[in-house]
Structures are given as C-alpha cells and as structure tokens.
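Trainee: Structure provided below as structure tokens; questions to follow.
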Amino acid sequence: MKCFEYFVKHYFFFSTLASLDICMCCSARGRIIASAHTKLQDLFSRCYNRSLLPVRKVAMTNNSIKRGGFSSSFGVLAATLGSAVGLGNIWKFPYLTGANGGAGFLLIYLLATLLVGLPVMIAEITMGRAAKANPITALQKLNPSRLPWWLVGVSGMVAAFLIMSFYSEVVAWVFAYVFKAIGGSILSSDRQVTEGAFTSLISNPLQSLLWQWAVLIFIGSILLMGVTKGIEAVAKKLMPLLFLLLLLLCAVSLSLDKAIDGLTFLFRPDFSKITAGVILTAMGLAFFKLSLGMGTMMTYGSYFRDDQNIPQTTVRVMIADLFVSMLAGIAIFPAVFTFGFAPSAGPSLVFITIPAVFSQIPGGHFLMIVFFVLAAVAATGAMLSLMEVPVVILHERLALSRARSTLLTIAVLMLLGSSSALTNNVLADFKLFGMNMFDLFDFVSSNVLLPIGGIALAVYVSWVWGADRFMHALSNNGALSNQVTARVVLFVLRYVSPLLILLVMLKGLNLF
Ligand code: TRP
C-alpha cells in the first residue's frame, strides 16, 4: 500500500505539473499511457475520497488561488521597469558595448530592441494579463490547439533557474562591493590593488557562497511580502532613487577632462567589429535587458491592471530602460577614458576599473558608494522578477503556499547557483563545452533559451492564440482604439521577429 501511495502521489505530482499532455505527447505509446492515466485518475479519486492522500485540491483548480496584482499605474510601470533595469544595464551593457566596439554595437542593439524586443514584450504582457496566471498555466489556458505549448513555460522556468544561478552571484559581488566601498579598501588608483580585491573576493569559496545565499534570502524575503506589498512597493521606492543616483554620476563623469573621448566611443559607430557573433550578442542582450523569452514579463503581465494601456507602458519601459543603459555608459566611459583604462576590460570592468577610476575623482569615495548602491538597487528589482517566476509557478501549480514555494526556490538556487559561485575557485578547472559553469549558464540562457523562448512566444501569440484574441486583449477589450498599433505589432510578431531571431541565432552559433 505504501508503495502504491508513493506512486500515486508522485504520479499526481507530475500530472498536476503538466496535466494530461505530458503522457500523450512524450510517449510513443501514448494511447496505452493515456488509458493508464485514466485508470490512475479513477484510483486516485477513490484514494482521495477516502482521504488516503494529502491531496492538494487547489492545484487542480488554479482559479481558486487568490492572486495579487499591481495596484496603481505607476506601480505597474515601476515594477516592470524594475525587472528590465538591472545588472544588464549597469554591468552587462557597458562591458559588452566596450568589448564589441561601442556605437556600432549600440546601433544593432537598438534595432534588435525595436524589431524583436518590443513586440515580444507586448506579446508576453498581453498574454499574461489575459490569462491571469503563471506562464505554464497561461500557455495552457489560452491554448486553442492540441500542441503542448505549456512546455515553453517549463523551459522558461529552467531558464529562470539558469539565469539566477549566475546572476545571483554577480548580485552577490555587487552587495559585497557596497560594503567594501563603504570601508574604502578598494579605492585605489593602483590596478593591482583593485584587481587583487576582486580576485580575493571571487576566489574565496566561502565568501562567494555566503554572499550569494544572503542575496537569495534577501530577495526571497521581499517576495514573501507578496506582489503588491513586496515587489510593487519596493520598486516604487527604488526606481526614482536609481535615476537620481545615475544622474549624479553622469554629471560628475561628464565634467572630466576626456569626457568627449568616452562619448565618442559610445556614440560613433565602428562597423568593422560587427560579426554574426556580435549581432547574436546584441540580440541576446536585448532579450536579457528587457527580461524576455522566459515568462518574466508574462508573469508581471498577469499582475497588470485591466485598464493599463499595454503598448504605451511597454514603450515607456523600453525607452526608460535604454535611457538607464545610456546613462550607465555615460557615467562609465568618459571616466574610463580620462584615466586611461581600457573600455574592453570585460565582465570585470565594473568591479576592477570603476574603483580605480573613482580613486582619481574628488569625492570619489562617496561616488563609489553611490555607484555600487545604484547597482544593488538595479539588481534587486531584476532579481525579484526572476525569482517570482518559479515562485508563482510552484505556488499555483503545486498549490504550495507562497512561503513554501519561495523557500523551495531558494533551496534549489543555493544548490544550482553554487556551481557559479565556485566557478572562480574550487571549480576553476571544471569546464563543459569549453566554458566554466558561470559562462555556460550565461551563454545557454541568453543566446539559446531566451531567443528560442522568444520565437515560441511570438509564434504562439500571433498564430496560435490568434490575431482576433490578441488584438482584442491589446485594446483592453475594445476600450482603446489602437487597431493600427495592434496590426503592426501582430505583423512583426508573425513575420519579422521569429525569422530574425532564428536567423541570428543559427548564424551566431555557427550553425550555418
Ligand atoms: N533584465 C534584467 C537585467 O537587465 C535581468 C532579468 C530580469 C532577466 N528578469 C529576466 C533576464 C528575465 C532575462 C529574462 O539585469
């Protein structure tokens, strides 16, 4: 009997996670399994009626879970922007722009944002709001076809875990650097000192792990407060602060001697550096920066108010996100050029070059604290949105309480993320496909999973869910007259974005 209970429990676990489709689609013996499924469901309901199992009844009817939501229009904007703006802007964008030739890269990034990023963001948010559910349920609920589209939601959840595994480690460095900046030990014009400080942090396994865990617990505790009182409330406070700090840094940087060299680098295109790989990187960055391709925006869309104008909000988020990236570039490159550092230092640009640069500016100690607080602020909003995806999936699919699903997510991340935390020390020599775990997680998520997720979502919304439903939802059920916008978005989603993403991805991965 124990054995049977165990089997039924686990069987039920999977069937709630994936519903019937998984048996039908994953097995060549679909019919046999499907009939086994029916029998098991019978058995299961008998067990259930006799209260043999600790049944999670709510999991079967997702509707019965009360959902949170963003309470005001500003809250929607702040939270969505909070997700988009993150280390992608403050850390990835400057170092990738620096390493890939400056303005040429920027231009391609802009194109990718307009042709791919914006339409996919609109698609995700519209779907999320229409379904008012986590990504897996949303894809299932709106699906008029027989294909198992919910798998896209599952792959999104996998991507979320992969991204958080390395992202949480960079967030950990940022948080550690806030304290180091306050202490002042990293403020030195001697590159050896700033490099030494960074190396000693990342090569210490215990420090790396503990900072990462602290970050996970910090973010988890905000999520525990819920969507309105946690995510939205925090974003509303942090976003204005972020702009203020960034403007302050830009003003200082622009007043430096060779500010103009930095600006030239950032704004004058050099197309000689553009290769297929660079284009893929720019597109991957567009996905990453706008939090697309894995269900984050779909999840946040499910918290959108019904009267929210989606195209307008997404355009605002896109512009503000771009503005933050530009400001980060303007804050960093003039200073880097003035003091003769290399703009192409790579991922360590922020951690090694920046402290050295600040050491040469009057008031540098204070400004350096401002810079790392700014990065921590940006990282918090983004990390909240990343973690919310598995939390809400586990919460709604398995009917775990929010607290339990948060704890479960943190536990999984502590395990999986440790491989990133240990990349620069214990696991330094461990490589898969020629990459260490940190780079592998970054590469697979940004350059493979997010683009594939983007293609799938664009196709799903525009072809499967269909033009009528999409346009109806985008116009708030007819309340807005945005037919032309909706048609343009639909056209791009149908014919431009998926093909472009596919082409860039295959070329960038050297597959043709
Ligand atoms: N956009 C965030 C940044 O720029 C990171 C992020 C949050 C993200 N949610 C995401 C990236 C979902 C990809 C997918 O730092």
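Trainee: Checking residue 323 against (1) at pLDDT 95 or above; (2) within 16 Å of the ligand (Cβ to nearest atom); (3) open to solvent by 10 Å² or more (accessible area, probe 1.4 Å), only one condition comes out false. Which one?
Mentor: Evaluating residue 323 over (1) at pLDDT 95 or above; (2) within 16 Å of the ligand (Cβ to nearest atom); (3) open to solvent by 10 Å² or more (accessible area, probe 1.4 Å) leaves (1) as the failure.
Trainee: Scan the stretch 469-479 for residues that are closer than 16 Å to residue 308 by Cβ and open to solvent by 30 Å² or more (accessible area, probe 1.4 Å) and jot them down.
Mentor: Matches in the stretch 469-479: 472, 477, 478, 479.
Trainee: Hey, among the residues in the stretch 113-138 that are of a type in the set (A, V, I, L, M, F, W, C) and open to solvent by 10 Å² or more (accessible area, probe 1.4 Å), which one's farthest from the ligand (Cβ to nearest atom)? Steps first, please.
Mentor: Going residue by residue through the stretch 113-138, those that are of a type in the set (A, V, I, L, M, F, W, C) are 114-116, 118, 120-123, 125, 127, 130-131, 133, 136, 138.
Filter again for open to solvent by 10 Å² or more (accessible area, probe 1.4 Å), leaving 114-115, 118, 130.
Values: 114: 17, 115: 18, 118: 14, 130: 20 Å.
Among residues in the stretch 113-138 that are of a type in the set (A, V, I, L, M, F, W, C) and open to solvent by 10 Å² or more (accessible area, probe 1.4 Å), the one farthest from the ligand (Cβ to nearest atom) is 130.
Trainee: If we scan the stretch 153-176, do we find a residue that is within 24 Å of residue 497 (Cβ to Cβ), more than 13 Å from the ligand (Cβ to nearest atom) and surrounded by 23 or more Cβ atoms within 10 Å (Cβ to Cβ)?
Mentor: Going residue by residue through the stretch 153-176, those that are within 24 Å of residue 497 (Cβ to Cβ) are 153-160, 162-163.
Those still in the list that are more than 13 Å from the ligand (Cβ to nearest atom) too: 153-154.
Those left that are additionally surrounded by 23 or more Cβ atoms within 10 Å (Cβ to Cβ): 153.
The answer is yes, given that some residue of the stretch 153-176 is within 24 Å of residue 497 (Cβ to Cβ), more than 13 Å from the ligand (Cβ to nearest atom) and surrounded by 23 or more Cβ atoms within 10 Å (Cβ to Cβ).
Trainee: Kindly indicate the residue of the stretch 285-313 that is more than 14 Å from the ligand (Cβ to nearest atom) and assigned to a helix (DSSP H, G or I) and also nearest to residue 371 (Cα to Cα) among those meeting that condition.
Mentor: 313
Trainee: Would you check if residue 426 is open to solvent by 20 Å² or more (accessible area, probe 1.4 Å), touching a residue at least 40 places away in the same chain (Cβ under 8 Å) and assigned to a loop (DSSP other than H, G, I, E, B)? Give the steps one after another, and end with the answer.
Mentor: On the way: open to solvent by 20 Å² or more (accessible area, probe 1.4 Å): yes; touching a residue at least 40 places away in the same chain (Cβ under 8 Å): yes; assigned to a loop (DSSP other than H, G, I, E, B): yes.
Yes: the conditions hold for residue 426.
Trainee: Also, quick follow-up: Here's a check for you: in the stretch 284-320, which residue that is open to solvent by 10 Å² or more (accessible area, probe 1.4 Å) and of a type in the set (Gly, Ala, Ser) is farthest from residue 501 (Cα to Cα)?
Mentor: Going through the qualifying residues, I end up with 320.
Trainee: Can I ask one more? Of the conditions (1) buried (at least 21 other Cβ atoms within 10 Å of the Cβ); (2) closer than 18 Å to residue 87 by Cβ; (3) among the aliphatic types (A, V, I, L, M), residue 201 fails just one. Which one is it?
Mentor: Looking at each condition in turn, residue 201 falls short on (1).
Trainee: Only one residue in 453, 417, 434, 466 is surrounded by fewer than 23 Cβ atoms within 10 Å (Cβ to Cβ) and under 24 Å from residue 291 (Cα atoms), so which one is that? Step through it out loud before you land on a result.
Mentor: Working: 453 fails: surrounded by fewer than 23 Cβ atoms within 10 Å (Cβ to Cβ); 417 fails: surrounded by fewer than 23 Cβ atoms within 10 Å (Cβ to Cβ); 434 fails: under 24 Å from residue 291 (Cα atoms).
Only one candidate passes the filter, namely 466.
Trainee: Which is closer than 24 Å to residue 289 by Cβ, open to solvent by 20 Å² or more (accessible area, probe 1.4 Å) and modelled with pLDDT under 90, of 504, 459?
Mentor: 504
Trainee: Any idea which residue in the stretch 80-100 is nearest to residue 496 (Cα to Cα), counting only those that are open to solvent by 10 Å² or more (accessible area, probe 1.4 Å) and away from the ligand (no atom under 16 Å from the Cβ)?
Mentor: 100
The values are calculated or read from the model by the stated rules, or taken from the named source; none is laboratory data. This structure is a prediction, so every number in the text was calculated from the model and none was measured. As a convention, Cβ positions derive from the backbone with ideal geometry for all residues, glycine included, and neighbour counts pool all protein chains shown. For the accessible areas, the whole protein counts, side chains as well, though only heavy atoms, and no ligand, DNA or RNA atoms are used. Shrake-Rupley method; radii C 1.70, N 1.55, O 1.52, S 1.80 Å.
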